[in-house]
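*Asks:* Let me begin by handing over the structure; questions about it come next.
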Amino acid sequence: MGILNKLDNSVEQFESGNIIITSMDKLLNWSRLSSMWQMFFGLACCAIEMMATSASHYDLDRFGIIPRPSPRHVDIILISGTVTLKMATRIKRLYDEMPAPKYILSMGSCANCGGPYWEHGYHVLKGIDRIIPVDVYVPGCPPRPEALLEGLIKLQERIRNQSLAKHTA
Amino acid sequence: MAELRTEEMILNMGPQHPSTHGVLRLVLTLNGEIVEEVKPVLGYLHRCFEKHAEAMTYPQVIPYTDRMDYLNAMSNELAYVLAVEKLLGIEVPERVEYIRVIMSELQRIASHLVAIGTYGNDSGAMTPFLYCFMDREKVLELFEIVCGARMLYNYIWVGGLSHDITPEFITKTKELIKYLRPRMKMINNLLSYNKIFIERTAKIGILPPEVAINAGVSGPTLRGSGVKYDLRKSDPYSIYNKFDFDICVGTGERGVVGDCWNRYIVRAYEIEQSLRIIEQAIDSIPEGDVQSAVPKRVKPVAGESYVRTESPKGELGYYIISDGSLNPYRVKARSPSFCNISVINQISRGHMIADVVMILGSFDIVLGCIDR
């Protein structure tokens, strides 16, 4: 009963039949956080670490995170690298194309705040949160795969605490 | 009978496309499924390297060179540092030279593994990607032992290195050499000599040597066309003249010389040559202090210097003008990927859309290197 164990205290199960009782919130959140499909989209150096994380050594698949090439299939987008002004409009557009609920993970210092390019980078956007809302920030230049995994687990926690009725910050 | 034609169609490939290796945009002009023109649009990753170089002191520029071609940070550092050292006129200890060569060859292996893995991925083979990244982790582990970083190191300093190597590094490097040889054989059997892969890449995107030379193409892309030109041999820098290794060229073993398969296989063979260089260097590292020649203050006299090196992507050069102050007056980087991509229009004409993906992958471009 692997699935039911994961739903743990939120589930009431009847001994006789295949009936479980749970709340809509719990069920939705559980299904969302267990299959966060990710946009197949890399920007700069961090993209290589993102690829390394999804390859065999760190294996993102075990979190249900699968890269998909189209924005219409995906739930999360990892902003993995420096966002230049020329690219920023494209990212905004990609974000708008994603179906809700959508989550953003900003990976690395460049996406967080401009990173090493914050002072003299005349063509660098100083933080992706200036154009799209960010759920989780992962610091580092580039972040280690372990740091990225930690960020994704934080994002899962955030999704677990969501509610349909009340807006959670 | 007049030739049948469909209406011309413009197709945008990228900047968000899984096989453009970053944020490159290709504007394809199509006749049906046949490509008539490819126009690369650059600048999606322009990170103002030259502006930063003007505003920073000489050692502060090194981390920015790391981030230019992020798959081979060590080679970028080495080229820049060699240019600054030429300007300063300092001699570095022999131990430093040996470690630098070992590091840049390890980096070449890591970079080529990514190139092979992602090229397999482009052609629809996911497995080599997973294997290559597994092996690359082992190389990165070595860098981690020495300097703590996985990808962007700031390891090679002007006049020296940030850390000395440890005995653990030497034993692990020897283990890696033993481990990688059979692995490369396996990857070659899995991908390089795979019938489906050869069908996808052989006789696609043939780059004639004279076109390559005229366009300034360098590195494995040039050697795939059968031109025996490697700066480590033709214009040796650092201590490359002490080592015995071969220049790998495309020989038309499969397909014809200059096609995608030959460009690809040069990288697979070069890993073996890099292993040979490391094998020779690792046993003969002389004793010494790696920071004995590091200057307290890097302030060269007014002048200019240009150093070119063989990075895994091709000829990487740094041209530095000094006005005698602490900051460089100007740093110009001659990046290999930028020149290599310039021939894409010429060699993609007449191929299918799916072949453009293979042609682009066979250049092994890095967008940080193109846009800087």
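*Asks:* Is it the case, given these coordinates, that B:Ser311 is hydroxyl-bearing (Ser, Thr, Tyr), touching a residue at least 12 places away in the same chain (Cβ under 8 Å) and within 14 Å of another protein chain (Cβ to nearest Cβ)?
*Replies:* In short, no.
*Asks:* Oh, and also: Checking B:Gly148 against (1) in contact with a Pro (Cβ under 9 Å, 6 or more places away or on another chain); (2) on the phi > 0 side of the Ramachandran plot, which test does it fail?
*Replies:* (1)
*Asks:* Any idea which residue in region B:3-26 is nearest to the other protein chains (Cβ to nearest Cβ), counting only those that are within 11 Å of A:Leu43 (Cα to Cα) and of a type in the set (A, V, I, L, M)?
*Replies:* Residue satisfying both the conditions and the ranking: B:Val23.
*Asks:* Which residue out of B:Lys138, B:Lys174 is out of contact with any Cys (no Cβ under 6 Å at 6 or more places or on another chain), farther than 23 Å from A:Arg144 by Cβ and surrounded by fewer than 22 Cβ atoms within 10 Å (Cβ to Cβ)?
*Replies:* When all the criteria are applied, what remains is B:Lys174.
*Asks:* Return only the number of the condition from (1) touching a residue at least 12 places away in the same chain (Cβ under 8 Å); (2) within 14 Å of chain A (Cβ to nearest Cβ); (3) among the basic types (Lys, Arg) that B:Arg150 does not satisfy.
*Replies:* All conditions pass for B:Arg150, except number (1).
*Asks:* Within region A:112-140, track down each residue that is at the interface with chain B (Cβ under 7 Å from one of its Cβ atoms) and touching a Pro at 6+ places or on another chain (Cβ under 7 Å). Step through it out loud before you land on a result.
*Replies:* If we filter region A:112-140 for residues that are at the interface with chain B (Cβ under 7 Å from one of its Cβ atoms), which is where we start, we get A:116-117, A:120-124.
Correct list: A:Pro116 only.
*Asks:* Just to be sure, is B:Glu105 surrounded by 22 or more Cβ atoms within 10 Å (Cβ to Cβ) and more than 12 Å from every other protein chain (Cβ to nearest Cβ)?
*Replies:* Here the answer is yes, as B:Glu105 does meet what is asked.
Table: residues versus (1) closer than 30 Å to B:Asp164 by Cα; (2) modelled with pLDDT of 90 or more; (3) outside any strand (DSSP E or B); (4) not aromatic (Phe, Trp, Tyr).
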| residue | (1), (2), (3), (4) |
| --- | --- |
| B:His17 | no, no, yes, yes |
| B:Leu28 | no, yes, no, yes |
| B:Lys39 | no, yes, no, yes |
| B:Gly43 | no, no, yes, yes |
| B:Asp69 | yes, no, yes, yes |
| B:Glu97 | yes, yes, yes, yes |
| B:Ser104 | yes, yes, yes, yes |
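*Asks:* Now, a different point. Any chance region B:73-87 includes a residue that's in a loop (DSSP other than H, G, I, E, B) and either within 14 Å of another protein chain (Cβ to nearest Cβ) or touching a strand residue (DSSP E or B) at 6+ places or on another chain (Cβ under 8 Å) (or both)?
*Replies:* Within region B:73-87 (the criterion being in a loop (DSSP other than H, G, I, E, B) and either within 14 Å of another protein chain (Cβ to nearest Cβ) or touching a strand residue (DSSP E or B) at 6+ places or on another chain (Cβ under 8 Å) (or both)), the answer is no, since none of the residues qualifies.
*Asks:* Could you tell me which numbered condition B:Glu33 fails, if it satisfies all but one of (1) surrounded by 22 or more Cβ atoms within 10 Å (Cβ to Cβ); (2) within 30 Å of A:Arg68 (Cβ to Cβ)?
*Replies:* (1)
*Asks:* Still on this structure, I have one more. Can you confirm whether B:Asn241 is at pLDDT 90 or above, more than 14 Å from the chain's Cα centre (by Cα) and polar (S, T, N, Q)?
*Replies:* Values: at pLDDT 90 or above: no; more than 14 Å from the chain's Cα centre (by Cα): yes; polar (S, T, N, Q): yes.
The answer is no for B:Asn241.
*Asks:* Against the definition (outside any loop (DSSP other than H, G, I, E, B), of a type in the set (Ser, Thr, Tyr) and without any contact (Cβ under 8 Å) to a residue 60 or more places away in the chain), how does A:Thr82 come out, yes or no?
*Replies:* Considered against the rule, which asks whether it is outside any loop (DSSP other than H, G, I, E, B), of a type in the set (Ser, Thr, Tyr) and without any contact (Cβ under 8 Å) to a residue 60 or more places away in the chain, A:Thr82 comes out as no.
The values are calculated or read from the model by the stated rules, or taken from the named source; none is laboratory data. Just so it is clear, the model here is predicted, and its values are computed rather than measured. Glycine gets a Cβ as well: all are built from the backbone with ideal geometry, and neighbour counts include every protein chain shown.
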